[in-house]
Structure formats: structure tokens, C-alpha cells
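Reviewing the structure listed below.
The values are calculated or read from the model by the stated rules, or taken from the named source; none is laboratory data. As the structure is a prediction and not an experimental result, all values here were calculated from the model. Reconstructed Cβ throughout: ideal geometry from the backbone, glycine too, with neighbour counts over all protein chains shown. Quick note on the areas: whole protein, heavy atoms, side chains included, nothing else; ligands and nucleic acids left out. Shrake-Rupley method; radii C 1.70, N 1.55, O 1.52, S 1.80 Å.
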Amino acid sequence: MSEASVEMKRISILGSTGSIGTQTLDVVRKYPDRFRVTALSCAGNIGLLEQQIREFRPLTAAVYDEKAANDLRVRTKDLDVRICSGMEGLIEITSQTEADIVVTAIVGMIGIVPTWEAIMAGRDIALANKETLVTAGHLIMDAAREKGVRILPVDSEHSAIFQALQGRADSKIRNLWITASGGPFRNMSAEELEKVTVKEALAHPTWQMGPKITIDSATMVNKGLEVMEARWLFDVTPDQIKVVIQPQSVIHSMVEYEDGSVIAQMGVSDMRIPIQYALTYPTHLPSPAKPLDFTALQKLDFATPRNEIFKGLPLAIEALKKGGSMPAVFNAANEWANARFREGLLRFPEIYDVISFSMSRHQILAHPSLQDILALQGEVERDCEHYGR
């Protein structure tokens, strides 16, 4: 297909002021003739959202906080943009505003319903919201198939696997290998983890991410969430998903085929690469990221995850294997504990204790509905309040 024949793709971004959202807009800036931003949203950062609205001129913008939405209406009254708010606003920009693809860059279970509604409206999904598949993968993937919607992964690890699977024909997968940097504490002992501060946990060695995901990376919970996602994205069993530490974060993940071949996707640690591939699939185009310099790359290291110390990964795999509603419980308990650690109310290892505590008290629902999953968030949070009592 020639450059002249490429159609403009309309993009709606759920969470445009966060890390993934702002980097998505970097990609749009590089290709203004390929992409048109039709909708943007944020939780409450209306200063940055106003700047984005003035630059990209979307038809609609949503702010989750109603007071902030009112402030934004005043600030943008000179522009032809509709400002909506609350969950209804998030649903509007993902399912009612014209878009070819929705970038779900919002963090937390708040992203599940807007993503579901986007699928129901037949929008393709550039998926960066982990909770969507972690908690409701069995529902989301079935709905996407029924509606003919493509779920295109934005996470660097899942994008790597997705790319390594292109052109596989009838090749059979033996294992998916998800790589992890190991986070800032990968060589620490259990005793040393007891003294970890929030500031130290927020200092990731290779990736620039939001605070919640950065803490999840340090605990290895993030890698557990990625294992759960991979199970649904690529229709494999939990036992076919392996995790290996790759500290340089150059190999982003690998696919091992039954003939012994292993195909890895490599690149610099820049989220704009997987974001752009989700938007331009199946085409690879020059990205805003720097190319990988093999002359400066002196080594690639690998190590086995220390599951006995960093319990986020084994707890996630346990939840995945138990199935049903247990992954949603794992996710909700982690969200609660992660937030309390950042507030200084829990020690770093207590994040694992809270997750284990919550999972041990849960009676599994074998086939939870979307309503069941959403209700679990509040139930688990209330249960977590009893931790330590």
C-alpha cells in the first residue's frame, strides 16, 4: 500500500495525561497525516489535558472528576470540544465518539467498563490496561471475537510476543518467555526488603512509568499480571508461560516453538515502539525512539526469578491456575496494598501478605460475570481493611 493510499486512523485515548497516553501522542505528532485524535480523557489533570485539547483538537474530552470537568469546560469555552465527566464520560469517548481504535491507557479496574463498551461498539483496542484481561479475560476475548474486534497489546512484553508470532503459520508454541528487568531490588535479601522506602521503590532502573506500575514492577506483581494477560491474549495454558530476568531490558520477550526455535523481539526501552506498532499494525514504521546500538551492547544477562523473596509472581500464577474470580481478587488486593505502601502505611513485603491474606479468605466464583468482577473490587477492599487486626 502506498503512502498516498493510507487512510487516516481515528484514535480515542483513555488516560491521555499518563505515561502511555502522552507517549501515544508523541507517535501521533510524528505521523499527523496518519492519525486523528477524536477523544482524550484524564482523571483530573486538566492542566495537561487542556494543552492536549488545544494541540490535537479532539471532538470530545472526558474528565473522571466532575469538579475538574467543570473547570475544564470554563477553560476550553473558546474551543469546539464537548467536555463530559464520570464513568459516563469515559464510556462516551470509547464507544460513542467516532474512533477506529481506542488506546486504553488508564490504570486500574476503572478501565474495564469503558473497554468493554468500546468492544461492544466494534472499536479495535490498543490495550495498555492490565486489569481488563487479568480480571475479565474470559469475557473480553470472547466478546472481541464475537464483535470482530482486534485486541492489540501495548505492553512491551506482550507486543514482543505478538510480533514474534507474526507469520507463524502452523508452527506450534512450546513456551512464551516473558522477560523482566527484576526491578531495583532484584539482588536484595528478604531482610533488606523490610527497609525499602517508597522513594527507592519508585526508582525503576530502566522504564519510566506511573507510580502504581513502578511499585508493581518492584514487587514482581507486574510480571504476574503480564502472565495472566498473556494467557488470554495468546490462548496458552499457564504452564506454557515462563518468566526470565533480563536486566538490560533489551529482549522484551520471546516465543519458543516446538522445533526448538526461539524468536525474540529486541529494542531500546521506549514504550513508543510497542504503542506505535499497535496503532500501525501490521506495518513497522520509523518511530520516535532511538534505534538499538549493537556496538554499545556488550552483554545480555539472564537469571531465574527469586520467587521465594519476590512473591508477587508466584501468587499471581497461583491465582491464575485457581481461575474463576481469584485473579480479580489478586488484582484488587494488590491495588489496595500498593496504594497503602505508597502512603507509608505498609512495609514493602506486606504487599505480598495482604494479597495472600485476601486470596486465602475468598470463595471462588467459577464463572464470574462482569458485574461480579466489578463488585469484587469493593468487597476485597473492605476485606483488606481487616489485614493485621
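For every residue, the table says whether it meets (1) touching a Ser or Thr at 6+ places or on another chain (Cβ under 7 Å); (2) assigned to a helix (DSSP H, G or I); (3) within 18 Å of Pro153 (Cβ to Cβ); (4) modelled with pLDDT under 95.
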{"position": "Met87", "(1), (2), (3), (4)": "no, yes, no, no"}
{"position": "Ile119", "(1), (2), (3), (4)": "no, yes, yes, no"}
{"position": "Ile125", "(1), (2), (3), (4)": "yes, no, yes, no"}
{"position": "Leu133", "(1), (2), (3), (4)": "no, yes, yes, no"}
Can you pull out every residue in the range 1-17 that is at pLDDT 95 or above and at negative phi? Lys9, Arg10, Ile11, Ser12, Ile13, Leu14, Ser16, Thr17
Can you tell me which of Ile161, Ile151 is touching a residue at least 40 places away in the same chain (Cβ under 8 Å) and in contact with a Ser or Thr (Cβ under 7 Å, 6 or more places away or on another chain)? Ile161
So Asn222 clears everything in (1) surrounded by 21 or more Cβ atoms within 10 Å (Cβ to Cβ); (2) over 30 Å from Gly344 (Cα atoms); (3) in contact with a Gly (Cβ under 9 Å, 6 or more places away or on another chain) except one condition, right? Which one? (2)
Name the pairs: first residue in the range 259-284 and under 18 Å from Asp33 (Cα atoms) and of a type in the set (A, V, I, L, M), second residue assigned to a loop (DSSP other than H, G, I, E, B) and modelled with pLDDT of 95 or more, Cβ to Cβ under 7 Å, at least 6 apart or on different chains? Ile275/Val154; Ala278/Val154
Residues that are touching a strand residue (DSSP E or B) at 6+ places or on another chain (Cβ under 9 Å) and either touching a residue at least 40 places away in the same chain (Cβ under 8 Å) or among the aliphatic types (A, V, I, L, M) (or both), drawn from the range 193-222: Met220, Asn222
Pull up the range 235-271, narrow it to residues that are polar (S, T, N, Q) and either in contact with a Pro (Cβ under 8 Å, 6 or more places away or on another chain) or not in a strand (DSSP E or B) (or both), then point me to the one that is most open to solvent (accessible area, probe 1.4 Å). Thr237
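Let's see how each residue does on (1) touching a strand residue (DSSP E or B) at 6+ places or on another chain (Cβ under 9 Å); (2) hydrophobic (A, V, I, L, M, F, W, C); (3) outside any helix (DSSP H, G or I); (4) under 20 Å from Ile351 (Cβ atoms):
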{"residue": "Val149", "(1), (2), (3), (4)": "yes, yes, yes, no"}
{"residue": "Ser159", "(1), (2), (3), (4)": "yes, no, no, no"}
{"residue": "Gln163", "(1), (2), (3), (4)": "yes, no, no, no"}
{"residue": "Gln166", "(1), (2), (3), (4)": "no, no, yes, no"}
{"residue": "Arg174", "(1), (2), (3), (4)": "yes, no, yes, no"}
{"residue": "Ile178", "(1), (2), (3), (4)": "yes, yes, yes, no"}
{"residue": "Gly182", "(1), (2), (3), (4)": "yes, no, yes, yes"}
{"residue": "Met188", "(1), (2), (3), (4)": "no, yes, yes, yes"}
{"residue": "Glu191", "(1), (2), (3), (4)": "no, no, no, yes"}
Find all pairs meeting these conditions: Cβ atoms under 8 angstrom apart; at least six residues apart or on different chains; first residue within the range 320-331 and more than 15 Å from Phe357 (Cβ to Cβ); second residue among the basic types (Lys, Arg). Leu320/Arg231
Positions within the range 380-389 being surrounded by 16 or more Cβ atoms within 10 Å (Cβ to Cβ) and under 23 Å from Pro114 (Cβ atoms), in sequence order: Val380
Is it the case that Leu25 is more than 23 Å from Gly122 (Cβ to Cβ) and aliphatic (A, V, I, L, M)? yes
Looking only at the range 354-385, which residues are within 22 Å of Asp142 (Cα to Cα), assigned to a helix (DSSP H, G or I) and in contact (Cβ under 8 Å) with a residue 12 or more places away in the chain? Leu370, Asp372, Ile373, Leu374, Leu376
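Just to be sure before I move on: is Arg73 over 14 Å from Thr17 (Cβ atoms) and in a helix (DSSP H, G or I) in the structure I sent?
Judged against the criteria, Arg73 is a match.
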Which ones in the range 85-96 are of a type outside the set (D, E, K, R) and open to solvent by 10 Å² or more (accessible area, probe 1.4 Å)? Ser85, Gly86, Met87, Ile91, Ser95, Gln96
Among residues of the range 13-36 being surrounded by fewer than 24 Cβ atoms within 10 Å (Cβ to Cβ) and among the aliphatic types (A, V, I, L, M), the residue farthest from Val103 (Cα to Cα) is Val28
Output the number of the condition that Ala160 fails; it satisfies all remaining conditions of (1) of a type in the set (A, V, I, L, M); (2) in contact with a helix residue (DSSP H, G or I) (Cβ under 7 Å, 6 or more places away or on another chain); (3) farther than 25 Å from Glu98 by Cα; (4) open to solvent by less than 20 Å² (accessible area, probe 1.4 Å). (2)
Which residue is modelled with the lowest pLDDT, if the candidates are limited to the range 97-112 and must be over 13 Å from the mean Cα position of the chain (by Cα) and open to solvent by less than 30 Å² (accessible area, probe 1.4 Å)? Thr97
Just wondering, is there one or more residues in the range 193-208 that are open to solvent by less than 10 Å² (accessible area, probe 1.4 Å), on the phi < 0 side of the Ramachandran plot and touching a helix residue (DSSP H, G or I) at 6+ places or on another chain (Cβ under 6 Å)? yes
